[in-house]
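The structure appears right after this line, and notes come after that.
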């Protein structure tokens with residue numbers, strides 16, 4: 001199992017969603033959640049935790065379950081109840097947010113893990129990493145075996161992502177802001193997968209309209225959205241604006 005990057009038959013995305021808005025995006029479109037990424041949004045009238053999300057329909061749909069605001073024990077119980085494995089997992093101020101898929105092969109998941117914990121588990125199990133998110137040195141990871149080779153990096157500056165893509169020869173799958181400061185560029189937890197022959201692009205420092213324009217220009221669909229706060233100047237209320245790094249693939 002790896003992150004689903006295959007072209008959907010229909011798909012939707014949004015940012016700045018509260019929990020109800022997230023549920024509506026899934027249910028109103030009768031779609032499967034592809035990405036749920038909680039983030040702090042300082043531009044909302046009530047700054048706080050909101051969600052960036054991608055949902056999609058596929059020709060051959062498989063069951064998925066999603067939960068937000070759950071404790072690690074609750075996530076563990078839900079995985080057992082659904083005979084599922086995590087597809088993705090992230091944290092917000094209310095708990096963990098996870099997408100689950102039917103279990104297959106051997107799999108492991110970690111929460112509140114250091115980068116060393118993630119690396120040691122990968123070495124001990126011989127597994128491949130299929131999801132990584134977190135902040136600083138508190139990561140949430142999913143891995144399974146057997147799998148394809150993956151490369152991952154913790155706290156990687158934007159300026160080095162292209163260098164690592166060139167060094168590995170792989171394709172960018174996901175990135176999650178791990179640290180941000182008003183005077184410095186953000187760093188990211190980055191997951192790179194093997195080349196599969198598809199055409200992909202990634203961008204950063206985008207507003208919502210910029211993302212829409214790039215999708216139209218490339219005839220592409222999103223596989224990841226990573227919102228982060230950026231210093232916008234003293235003239236802006238709260239001084240920060242929400243920008244995005246995104247990964248997209250051609251239809």
Complete set of residues in the stretch 78-102 that are more than 13 Å from residue 140 (Cβ to Cβ), without any contact (Cβ under 8 Å) to a residue 60 or more places away in the chain and either more than 19 Å from the chain's Cα centre (by Cα) or not in a loop (DSSP other than H, G, I, E, B) (or both): 78, 79, 80, 81, 82, 83, 84, 100, 102
Out of 125, 94, which single residue is modelled with pLDDT under 95 and more than 20 Å from residue 35 (Cα to Cα)? 125
Check the stretch 70-77 and report whether any residue there is in a strand (DSSP E or B) and either without any contact (Cβ under 8 Å) to a residue 60 or more places away in the chain or on the phi > 0 side of the Ramachandran plot (or both). yes
Could you check how many residues of the stretch 231-242 are part of a strand (DSSP E or B), touching a strand residue (DSSP E or B) at 6+ places or on another chain (Cβ under 6 Å) and either at pLDDT 95 or above or surrounded by fewer than 20 Cβ atoms within 10 Å (Cβ to Cβ) (or both)? 1
Can you tell me which residue is surrounded by the most Cβ atoms within 10 Å (Cβ to Cβ) among those in the stretch 49-69 that are farther than 24 Å from residue 249 by Cβ and free of Cβ contacts under 8 Å to residues at least 40 places away in the same chain? 50
Within the set of pairs 6 or more residues apart or between chains, which connect a residue that is free of Cβ contacts under 8 Å to residues at least 12 places away in the same chain inside the stretch 216-228 to a residue that is crowded, with 16+ Cβ neighbours inside 10 Å and assigned to a strand (DSSP E or B) with Cβ atoms less than 8 Å apart? none
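The values are calculated or read from the model by the stated rules, or taken from the named source; none is laboratory data. Keep in mind the model is a prediction, meaning the values are calculated, not measured. Neighbour counts run over all protein chains shown; Cβ positions are idealised from the backbone, glycine included.
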